[in-house]
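K.L.:
Please see the structure below; I have some questions.
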Ligand SMILES: [Zn+2]
Ligand SMILES: [Zn+2]
(Lines give C-alpha, C1' and ligand atoms only; values in the text may rest on other atoms or scores of the structure.)
(Ligands and ions follow the chains in the order given, each with its own letter.)
Protein backbone atom coordinates (compact mmCIF):
# COMPACT_ATOMS: atom_id res chain seq x y z
CA UNK A 1 0.00 0.00 0.00
CA UNK A 2 1.48 3.31 -1.08
CA UNK A 3 1.63 5.95 1.60
CA UNK A 4 2.43 9.64 1.38
CA UNK A 5 4.28 11.64 3.95
CA UNK A 6 1.68 13.83 5.57
CA UNK A 7 2.84 17.05 7.18
CA UNK A 8 2.10 17.10 10.87
CA UNK A 9 0.18 13.84 10.82
CA UNK A 10 0.39 10.10 10.26
CA UNK A 11 1.22 8.90 6.77
CA UNK A 12 -1.66 9.12 4.34
CA UNK A 13 -2.73 5.95 2.55
CA UNK A 14 -2.98 6.74 -1.15
CA UNK A 15 -6.12 5.93 -3.07
CA UNK A 16 -4.34 5.65 -6.39
CA UNK A 17 -1.67 3.29 -7.64
CA UNK A 18 1.34 5.59 -7.60
CA UNK A 19 4.59 3.84 -8.45
CA UNK A 20 6.19 2.33 -5.41
CA UNK A 21 9.43 4.26 -5.89
CA UNK A 22 7.78 7.61 -6.55
CA UNK A 23 8.08 10.18 -3.80
CA UNK A 24 4.72 11.60 -2.74
CA UNK A 25 3.80 13.93 0.07
CA UNK A 26 0.69 15.71 1.21
CA UNK A 27 -0.86 17.91 3.83
CA UNK A 28 -4.33 18.68 5.07
CA UNK A 29 -3.64 22.34 5.62
CA UNK A 30 -1.06 23.99 3.41
CA UNK A 31 -0.77 27.67 2.75
CA UNK A 32 -0.20 29.08 -0.69
CA UNK A 33 1.12 32.57 -0.35
CA UNK A 34 1.05 35.23 -3.00
CA UNK A 35 -1.30 38.07 -3.83
CA UNK A 36 -4.28 36.17 -2.51
CA UNK A 37 -3.07 33.68 0.06
CA UNK A 38 -5.27 30.68 0.69
CA UNK A 39 -5.26 27.50 2.68
CA UNK A 40 -5.69 24.20 0.97
CA UNK A 41 -5.14 20.50 1.28
CA UNK A 42 -2.47 19.43 -1.16
CA UNK A 43 -0.90 16.34 -2.65
CA UNK A 44 2.44 16.43 -4.41
CA UNK A 45 4.09 13.81 -6.58
CA UNK A 46 7.62 13.69 -7.99
CA UNK A 47 7.54 11.28 -10.94
CA UNK A 48 10.84 10.08 -12.41
CA UNK A 49 9.57 9.41 -15.93
CA UNK A 50 9.21 12.08 -16.96
CA UNK A 51 11.02 13.82 -14.16
CA UNK A 52 8.70 16.54 -12.93
CA UNK A 53 6.72 17.91 -10.04
CA UNK A 54 2.95 17.67 -9.86
CA UNK A 55 0.69 19.22 -7.28
CA UNK A 56 -3.01 18.82 -6.69
CA UNK A 57 -5.15 20.88 -4.37
CA UNK A 58 -8.58 20.33 -2.89
CA UNK A 59 -10.80 20.60 0.15
CA UNK A 60 -9.43 17.31 1.45
CA UNK A 61 -6.25 15.32 0.87
CA UNK A 62 -8.35 12.77 -1.06
CA UNK A 63 -9.56 15.50 -3.41
CA UNK A 64 -6.04 16.85 -3.75
CA UNK A 65 -4.70 13.37 -4.55
CA UNK A 66 -7.40 12.96 -7.20
CA UNK A 67 -6.46 16.28 -8.79
CA UNK A 68 -2.77 15.32 -8.75
CA UNK A 69 -3.51 11.87 -10.18
CA UNK A 70 -5.56 13.40 -13.00
CA UNK A 71 -2.64 15.68 -13.84
CA UNK A 72 -0.26 12.73 -13.82
CA UNK A 73 -2.45 10.66 -16.16
CA UNK A 74 -2.56 13.58 -18.56
CA UNK A 75 1.22 14.06 -18.40
CA UNK A 76 1.75 10.37 -19.23
CA UNK A 77 -0.32 10.46 -22.41
CA UNK A 78 0.37 14.01 -23.55
CA UNK A 79 2.24 14.86 -26.72
CA UNK A 80 4.08 17.71 -25.03
CA UNK A 81 4.48 21.05 -26.69
CA UNK A 82 6.88 23.07 -24.60
CA UNK A 83 7.04 26.84 -24.23
CA UNK A 84 9.21 29.15 -22.15
CA UNK A 85 6.48 31.50 -20.98
CA UNK A 86 8.24 34.31 -19.16
CA UNK A 87 11.34 32.35 -18.28
CA UNK A 88 14.74 32.83 -19.85
CA UNK A 89 16.64 30.14 -17.92
CA UNK A 90 15.69 27.21 -20.14
CA UNK A 91 12.84 25.99 -18.02
CA UNK A 92 9.77 25.11 -20.06
CA UNK A 93 6.08 24.35 -19.56
CA UNK A 94 3.84 22.13 -21.65
CA UNK A 95 1.00 24.01 -23.30
CA UNK A 96 -1.39 21.12 -22.78
CA UNK A 97 -0.62 19.50 -19.44
CA UNK A 98 1.17 20.07 -16.14
CA UNK A 99 4.57 18.86 -17.30
CA UNK A 100 7.41 21.31 -16.82
CA UNK A 101 11.13 20.79 -16.93
CA UNK A 102 14.47 22.24 -17.94
CA UNK A 103 14.23 21.56 -21.66
CA UNK A 104 15.63 24.60 -23.45
CA UNK A 105 18.96 26.35 -23.58
CA UNK A 106 19.07 29.48 -21.48
CA UNK A 107 18.46 32.65 -23.46
CA UNK A 108 21.09 34.50 -21.46
CA UNK A 109 24.79 34.21 -22.21
CA UNK A 110 27.98 34.27 -20.18
CA UNK A 111 29.48 37.74 -20.47
CA UNK A 112 32.94 36.20 -20.67
CA UNK A 113 32.62 33.27 -23.10
CA UNK A 114 29.13 33.76 -24.57
CA UNK A 115 28.03 30.23 -23.73
CA UNK A 116 24.26 30.15 -23.00
CA UNK A 117 23.95 30.14 -19.24
CA UNK A 118 21.64 31.04 -16.39
CA UNK A 119 24.14 29.98 -13.78
CA UNK A 120 25.05 33.16 -11.92
CA UNK A 121 24.32 36.83 -12.25
CA UNK A 122 26.11 39.81 -10.81
CA UNK A 123 24.49 42.91 -9.39
CA UNK A 124 24.62 44.63 -12.76
CA UNK A 125 22.62 41.81 -14.33
CA UNK A 126 25.53 40.26 -16.24
CA UNK A 127 25.53 36.47 -16.49
CA UNK A 128 28.41 34.09 -15.78
CA UNK A 129 28.75 30.40 -16.62
CA UNK A 130 29.90 27.91 -14.02
CA UNK A 131 33.48 28.24 -15.19
CA UNK A 132 33.52 32.02 -15.06
CA UNK A 133 31.44 32.53 -11.95
CA UNK A 134 34.65 33.01 -9.97
CA UNK A 135 35.54 36.16 -11.85
CA UNK A 136 32.48 38.05 -10.64
CA UNK A 137 33.99 41.07 -8.90
CA UNK A 138 33.48 40.90 -5.18
CA UNK A 139 31.59 44.17 -5.06
CA UNK A 140 29.23 42.94 -7.76
CA UNK A 141 28.26 39.71 -6.03
CA UNK A 142 24.58 39.47 -5.22
CA UNK A 143 23.65 40.24 -1.65
CA UNK A 144 22.86 37.76 1.05
CA UNK A 145 20.63 34.92 -0.02
CA UNK A 146 18.33 35.53 2.90
CA UNK A 147 16.44 38.69 3.47
CA UNK A 148 17.22 38.04 7.11
CA UNK A 149 13.98 39.61 8.21
CA UNK A 150 12.53 37.70 11.10
CA UNK A 151 8.80 38.16 10.92
CA UNK A 152 6.33 37.83 13.71
CA UNK A 153 7.07 37.49 17.36
CA UNK A 154 10.47 38.14 18.74
CA UNK A 155 12.59 35.14 17.98
CA UNK A 156 16.26 34.60 18.49
CA UNK A 157 18.31 35.37 15.42
CA UNK A 158 19.83 32.26 14.04
CA UNK A 159 23.57 31.96 13.98
CA UNK A 160 25.06 32.42 10.56
CA UNK A 161 26.17 28.80 10.33
CA UNK A 162 22.65 27.46 10.85
CA UNK A 163 21.28 29.92 8.33
CA UNK A 164 23.71 28.58 5.80
CA UNK A 165 22.52 25.03 6.43
CA UNK A 166 18.90 26.08 6.20
CA UNK A 167 19.65 27.85 2.98
CA UNK A 168 21.20 24.76 1.44
CA UNK A 169 18.32 22.58 2.56
CA UNK A 170 15.82 25.03 1.12
CA UNK A 171 17.56 25.08 -2.23
CA UNK A 172 17.39 21.29 -2.32
CA UNK A 173 13.76 21.12 -1.22
CA UNK A 174 12.45 23.78 -3.57
CA UNK A 175 14.70 22.72 -6.42
CA UNK A 176 13.39 19.17 -6.20
CA UNK A 177 9.98 20.61 -6.87
CA UNK A 178 11.20 22.69 -9.77
CA UNK A 179 10.58 25.83 -7.81
CA UNK A 180 13.26 28.42 -8.33
CA UNK A 181 13.57 32.00 -7.27
CA UNK A 182 14.42 34.07 -4.28
CA UNK A 183 13.86 32.21 -1.06
CA UNK A 184 12.86 34.07 2.06
CA UNK A 185 12.32 32.68 5.49
CA UNK A 186 10.58 33.69 8.65
CA UNK A 187 10.89 32.48 12.20
CA UNK A 188 7.70 32.77 14.19
CA UNK A 189 8.51 30.64 17.20
CA UNK A 190 11.58 28.65 18.03
CA UNK A 191 11.88 25.60 15.81
CA UNK A 192 9.28 26.75 13.33
CA UNK A 193 10.92 28.00 10.18
CA UNK A 194 8.87 28.79 7.13
CA UNK A 195 10.62 28.89 3.79
CA UNK A 196 8.91 30.72 0.96
CA UNK A 197 9.74 30.64 -2.71
CA UNK A 198 7.79 31.56 -5.81
CA UNK A 199 4.44 31.47 -4.00
CA UNK A 200 5.11 28.23 -2.20
CA UNK A 201 5.67 27.82 1.46
CA UNK A 202 7.27 24.99 3.33
CA UNK A 203 7.41 24.59 7.02
CA UNK A 204 6.49 21.23 8.45
CA UNK A 205 7.58 19.34 5.39
CA UNK A 206 10.81 21.20 5.55
CA UNK A 207 11.42 20.66 9.21
CA UNK A 208 12.29 17.01 8.90
CA UNK A 209 14.95 17.83 6.36
CA UNK A 210 16.07 20.71 8.48
CA UNK A 211 16.45 18.63 11.58
CA UNK A 212 18.43 16.08 9.65
CA UNK A 213 20.72 18.80 8.40
CA UNK A 214 21.15 20.44 11.73
CA UNK A 215 22.03 17.15 13.31
CA UNK A 216 24.27 15.85 10.58
CA UNK A 217 27.10 17.21 8.55
CA UNK A 218 26.77 20.68 7.16
ZN1 LIG B 1 2.09 17.88 -22.06
ZN1 LIG C 1 31.75 31.62 -19.41
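K.L.:
Going by what's in this entry, would residue 45 be described as at pLDDT below 95, farther than 30 Å from residue 16 by Cα and touching a helix residue (DSSP H, G or I) at 6+ places or on another chain (Cβ under 7 Å)? Even if it seems obvious, please write down each step before you answer.
P.N.:
Numbers: at pLDDT below 95: yes; farther than 30 Å from residue 16 by Cα: no; touching a helix residue (DSSP H, G or I) at 6+ places or on another chain (Cβ under 7 Å): yes.
In short, no.
K.L.:
Also, quick follow-up: Within segment 52-79, how many residues turn out to be away from ligand 1 (no atom under 15 Å from the Cβ) and either in contact with a helix residue (DSSP H, G or I) (Cβ under 6 Å, 6 or more places away or on another chain) or at positive phi (or both)?
P.N.:
Here is the first cut: in segment 52-79, the ones away from ligand 1 (no atom under 15 Å from the Cβ) are 55-69.
From what is left, the residues that are either in contact with a helix residue (DSSP H, G or I) (Cβ under 6 Å, 6 or more places away or on another chain) or at positive phi (or both) are 56-58.
So the answer is 3.
Residue by residue, here is whether (1) surrounded by fewer than 13 Cβ atoms within 10 Å (Cβ to Cβ); (2) closer than 15 Å to residue 60 by Cβ; (3) not assigned by TED's automatic domain parsing to the domain that holds residue 58 holds:
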| site | (1), (2), (3) |
| --- | --- |
| 10 | yes, no, no |
| 13 | yes, yes, no |
| 18 | no, no, no |
| 22 | no, no, no |
| 25 | no, no, no |
| 28 | no, yes, no |
| 32 | no, no, no |
| 37 | yes, no, no |
| 42 | no, yes, no |
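K.L.:
For segment 80-104, enumerate the residues that are more than 16 Å from ligand 1 (Cβ to nearest atom) and at pLDDT 95 or above. Talk me through it step by step, then tell me what you get.
P.N.:
Filtering segment 80-104 down to residues more than 16 Å from ligand 1 (Cβ to nearest atom) leaves 86-90.
Selection gives nothing.
K.L.:
Taking only pairs six or more apart or across chains, which ones have beta-carbon atoms under 6 Å, a first residue in segment 64-89 that is in contact (Cβ under 8 Å) with a residue 40 or more places away in the chain, and a second residue that is within 16 Å of ligand 2 (Cβ to nearest atom)?
P.N.:
89/106; 89/118
K.L.:
Further question: For segment 120-144, give me each residue that is touching a helix residue (DSSP H, G or I) at 6+ places or on another chain (Cβ under 7 Å), in a loop (DSSP other than H, G, I, E, B) and buried (at least 17 other Cβ atoms within 10 Å of the Cβ).
P.N.:
Result: 122, single match.
K.L.:
How many of the residues in segment 62-110 are part of a loop (DSSP other than H, G, I, E, B) and away from ligand 2 (no atom under 16 Å from the Cβ)? Write out each step before concluding.
P.N.:
Of the residues in segment 62-110, the ones part of a loop (DSSP other than H, G, I, E, B) are 78-81, 84-90, 95-99, 103-108.
Now drop any that are not away from ligand 2 (no atom under 16 Å from the Cβ), which leaves 78-81, 84-88, 95-99, 103-104.
The total comes to 16.
The values are calculated or read from the model by the stated rules, or taken from the named source; none is laboratory data. The model shown is predicted, which means the values in this text are computed figures rather than measured ones. Counting neighbours? That spans all protein chains shown, and the Cβs are built from the backbone with ideal geometry, glycine included.
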